[in-house]
Amino acid sequence: MSEEEARAVSRSILGLKGLGDRPNHSIKLYDFRRPDKFPRDQLRTMQNIAESFARLATIRLSATLRLPCNLSLDHVDQMTYGEFMDPLASPAMLAVVSMEPLKGQVVLHVDAAGCDAMIERLFGAMPEATDKPLASGGLTDIEYSTIEKAVSALIVELGTAWNFVESLKPRFMQVETEARFCQVVPPTEMIVLTSFALNVGTVKGRLDIVYPFLVLEPIIHMLSAKYWYQLAGSSPAKDTMTIAWRAALPAQVMCDVGAVPVDVLRSLRKGSVIPVAAYGEGKAWLRLGGARVANLSVLRRDGASMAAAIDGADAAGKADREAKAADPVGRLAEELRSGLASFKDGVSGAMAQMTHRIDELKGGQDDLSDRVLYGQADASEIQRSGRPFSSMAGAPADALALFLSSERPQLTALVLSFLDDATGARVLSLLPESMQPDVARRVATMDRTSQEVLSQVERVLDKKLSAIEKDRRDTGGLAKIVGMLNLVPRATEKLVIEALDASDPELAESIKRNMFVFEDMIILDDE
């Protein structure tokens, strides 16, 4: 709508009389569907916070993934929640984060490429760009539990970037892969979107953080430039008073009496009054938690209240610094040497005990490996060994292959790399043929994986396999059909075998090989 059209609409609403006294009035357009709730200076503050988060998250994510990562800010904008959610591709990773004690929740979005690269790296692979980074079904249970490690690292740095808000503690809530299931606010609610370019190794992705107006409303005044200018111009005395007011420490106002004559001390009785020259001049000092923090002047009392002016923390600590400077240096050096000596002895003893314990564990692991190889170790002993995926030693290969065939190849390679060669070979042969070469390549190029990820994967995998084993029943099989065909009439047996020869020759040959054995000779008739 142009300005002339806006003036025409205003005349039709207010009439000529309402505009007569304001001929040069200005018209400001207002979109009720998409109102601007954040001024430009507040968006600039959000930009500064986002840049701080990007610097911190780059270091933390690189350390977590053990891979060079980079997070750079693209833009900061305000829009409705529906405008952000509608164009999102599915599936994607949407982490819901609470910003206690603030109301509402923040959404951290990582696109499919970035999420897939982080998962691949956590499972020990070098991430590569793919056409379809995430499967159509989204994340599996193991991937859900693993991606929380990377998300938690980002949430920690998000709290650091917002540390100017007192007691703010971001906390991970849940992960969603479908945008329609992540409705933390109504679609028409205004949000601040901070969008970043994410690089995980050579893979390029995108990371977005969504701040609804509901979350920022209680601290909206802290995002203005005026608030930060006031903080920058605050005096040390004001900061000291703020600390003294908020700190849970005993505070005392002290006055220096000066030199008291001996005859005055001898004449002291209960209720005696000693003149304090400093108090009469309105001078004192503030002691907080047993430490001198500020000098006071213009001290005056008004009934039960006391008021004073603070000279500053630098001058207040002068007496303490002079007292510390007067301490004997030799005594301090001697205490330091004795402390270092005792610390060295303690570390040496602890290292000796650790070395002895490592030798014991190594011997126990070797003994357990031999017992597992020859079938002499039970499942409970294997579970207590502490080796990665040790609980998988007694799992049936077919059940393990059935479960891993629905996981990503990198996770399958991670599990197989910790199994013994015989079990690993059996599971690899039972996997789909299209999956076997990729899994073998990933096992050969496997990189290091953190113990935390290994434990998490093993815990979920063991839970899945235990549920499968609980419902597992031996039904059917080659031995069953062979026993049945040995007892049916000859005509039925001939019909079944001939039909199987035509449809499944390999199965028919296996049945014929198992139908007649030497024990069957005694039940044959003379003919």
- Item | Qualifying positions in the range 124-164 - at pLDDT 90 or above and not in a helix (DSSP H, G or I) | W162
- Message: For the range 87-104, give me each residue that is touching a residue at least 40 places away in the same chain (Cβ under 8 Å) and over 18 Å from L216 (Cα atoms).
- Response: L88, S90, P91, A92, M93, L94, A95
- Task: Being of a type in the set (G, A, S) and outside any strand (DSSP E or B) is the filter here, so list the residues in the range 189-216 that pass it.
- Result: G201
- Message: So R121 passes all but one of these: (1) over 25 Å from E83 (Cα atoms); (2) basic (K, R); (3) modelled with pLDDT under 85. Which condition number does it fail?
- Response: (3)
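Yes/no per residue for (1) modelled with pLDDT of 75 or more; (2) among the β-branched types (V, I, T); (3) closer than 27 Å to T146 by Cβ; (4) open to solvent by less than 70 Å² (accessible area, probe 1.4 Å):
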position	(1), (2), (3), (4)
D359	no, no, no, no
D366	no, no, no, no
A379	no, no, yes, no
T449	yes, yes, yes, yes
- Working only within the range 180-205, note down all residues that are open to solvent by 20 Å² or more (accessible area, probe 1.4 Å) and closer than 18 Å to V96 by Cβ. R180, F181, Q183, V184, P186, P187, E189
- Query: Among the residues of the range 6-28, is there at least one that is at pLDDT below 60, in a loop (DSSP other than H, G, I, E, B) and of a type in the set (A, V, I, L, M)?
  - Reply: yes
- Item | Meets criteria (touching an Asp or Glu at 6+ places or on another chain (Cβ under 9 Å) and among the charged types (D, E, K, R)) for R459 | no
- Looking at the range 87-123, which of the residues that are touching a helix residue (DSSP H, G or I) at 6+ places or on another chain (Cβ under 8 Å) and of a type in the set (D, E, K, R) is farthest from L154 (Cα to Cα)? K103
- Which pairs do you get when a residue that is of a type in the set (A, V, I, L, M), found in the range 168-180, comes within reach of a residue that is outside any helix (DSSP H, G or I), reach meaning Cβ atoms under 6 angstrom, with the pair 6+ apart or on two chains? L168/W162; M173/V96; M173/S98; V175/A95; A179/L88
- Message: Going residue by residue through the range 303-324, is there one that turns out to be at pLDDT 70 or above and of a type in the set (D, E)?
- Response: yes
- Task: Would you be able to tell me the number of residues in the range 62-120 that are among the basic types (K, R) and either open to solvent by less than 10 Å² (accessible area, probe 1.4 Å) or closer than 23 Å to E452 by Cα (or both)?
- Result: 1
- Filter the range 48-58 down to residues that are without any contact (Cβ under 8 Å) to a residue 60 or more places away in the chain and either surrounded by fewer than 19 Cβ atoms within 10 Å (Cβ to Cβ) or outside any helix (DSSP H, G or I) (or both) and give me whichever is farthest from the chain's Cα centre (by Cα). N48
- Message: Every residue in the range 172-188 that is more than 12 Å from L88 (Cα to Cα) and either in contact with a helix residue (DSSP H, G or I) (Cβ under 6 Å, 6 or more places away or on another chain) or not in a loop (DSSP other than H, G, I, E, B) (or both), please.
- Response: F172, M173, Q174, V175, E176, F181, V185, P187
- Task: Within the range 403-446, work out how many residues are open to solvent by 60 Å² or more (accessible area, probe 1.4 Å) and touching a residue at least 60 places away in the same chain (Cβ under 8 Å).
- Result: 2
- Message: Looking only at the range 145-170, count every residue that is surrounded by 19 or more Cβ atoms within 10 Å (Cβ to Cβ) and of a type in the set (D, E) and tell me the total.
- Response: 1
- Answer yes or no: is there a residue in the range 242-262 that is assigned to a strand (DSSP E or B), among the aliphatic types (A, V, I, L, M), farther than 30 Å from D77 by Cβ and at pLDDT below 80. yes
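Matching residues to (1) more than 16 Å from Q252 (Cα to Cα); (2) open to solvent by 50 Å² or more (accessible area, probe 1.4 Å); (3) in a strand (DSSP E or B); (4) in contact with an Asp or Glu (Cβ under 9 Å, 6 or more places away or on another chain):
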{"residue": "L268", "(1), (2), (3), (4)": "yes, yes, no, no"}
{"residue": "P275", "(1), (2), (3), (4)": "yes, yes, no, no"}
{"residue": "V293", "(1), (2), (3), (4)": "no, no, yes, no"}
{"residue": "M306", "(1), (2), (3), (4)": "no, yes, yes, no"}
- Could you tell me whether A440 is touching an Asp or Glu at 6+ places or on another chain (Cβ under 8 Å) and not in a loop (DSSP other than H, G, I, E, B)? no
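The values are calculated or read from the model by the stated rules, or taken from the named source; none is laboratory data. Being a predicted model, the structure only gives us computed values, none of them experimental. Because the Cβ atoms are built from the backbone with ideal geometry, glycine has one as well, and the counts that use them run over all protein chains shown. To get the accessible areas, we keep the full protein, side chains included, count just its heavy atoms, and leave off ligands, DNA and RNA. Shrake-Rupley method; radii C 1.70, N 1.55, O 1.52, S 1.80 Å.
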